[in-house]
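Any read-out appearing in this document is the output of simple, stated calculations on the displayed coordinates, not a laboratory observation. Computed from a prediction, not measured in an experiment: that's the story for all the values here. Neighbour counts run over all protein chains shown; Cβ positions are idealised from the backbone, glycine included.
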Amino acid sequence: MQQELEKRKNAGSYHGNFNPQAHYFGYEGRCALPSNFDSSYCYALGINAAVLIKEGVNGYMSCVKNLTDRDPSNWVAAGCPLPTMMGIERRKGKDKPVI
């Protein structure tokens, strides 16, 4: 690669800088394809999040309940208020709300 870029620079057809960066695809590269449950659950979370946004509901996390039922039409979409999941912790000398 380096030799090819040098050749192109000398020919005047390449004027850039090449700085390769490696990336490690740890878990992402080893994981299995999503199951039907994974796909249905994430789709339901996304649709529910869109409805929460459309309705102007702020400060809520998209939740889907009744997941033990195998039929997704029996799942219950909900919005969980973030403040109910938060507590106050002292971090770096200051009180901060954290989940």
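The set of residues in region 45-63 that are closer than 16 Å to Val76 by Cβ, touching a residue at least 24 places away in the same chain (Cβ under 8 Å) and touching a helix residue (DSSP H, G or I) at 6+ places or on another chain (Cβ under 9 Å) contains only Met61.
The criterion of at least 1 residues that are surrounded by fewer than 13 Cβ atoms within 10 Å (Cβ to Cβ) and more than 23 Å from the chain's Cα centre (by Cα) is met by the following helices (runs of 4 or more DSSP H) wholly inside region 1-92: 2-11. Residue pairs whose Cβ atoms lie under 9 Å apart, sitting 6 or more positions apart in sequence or on different chains, and linking a residue in region 17-44 that is of a type outside the set (A, V, I, L, M, F, W, C) to a partner that is exposed (fewer than 10 other Cβ atoms within 10 Å of the Cβ), are Pro20/Met1. In the set (1) out of contact with any Leu (no Cβ under 9 Å at 6 or more places or on another chain); (2) under 22 Å from Thr84 (Cβ atoms), the condition left unmet by Asn58 is number (1).
Within region 56-84, the residues that satisfy the criterion of being of a type outside the set (A, V, I, L, M, F, W, C) and closer than 27 Å to Val98 by Cβ are Gly56, Asn58, Gly59, Tyr60, Ser62, Lys65, Gly79, Pro81, Pro83, Thr84.
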